[in-house]
Amino acid sequence: HTHTHTQKKRERERERTHTVYVILSVSKKKEKGMVKEAKAQAKVRVGIETLWKALVKDLRFIIPKLMPNTVEKIELIHGNGGLGSVFLFHLGR
């Protein structure tokens, strides 16, 4: 019974469409008014757990691949990648 319930729950989760918004803003204090911003929006059909993992846990590996000229790498310098974590963005190449 539990196995069937879990399967149905996963199927319902897959049927949902989630909209994801990602905004990355960078400002340089040395150059007045210099603000770079990248925005992306996507509708995805994955479970919320998978989406959360991709956005929170894997984002530091994905962004440098999507924006190689803007973000060289992202280091996790404090925490486990979840709430309260601190990331160091290495910009430009």
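The gain in end-to-end length when the K43 to K9 segment is fully stretched comes to 10.2 nm, 0.36 nm per residue minus the alpha carbon separation. Distance between the modelled labels on L91 and I62, one decimal in nanometres: 2.2 nm (7 Å Cα→Cβ projection).
Just so you know, all these numbers are worked out from the coordinates, no wet-lab data involved. Quick caveat: nothing in here was measured; it's all calculated off a predicted structure. Backbone-built Cβ (ideal geometry, glycine too); neighbour counts: all protein chains shown.
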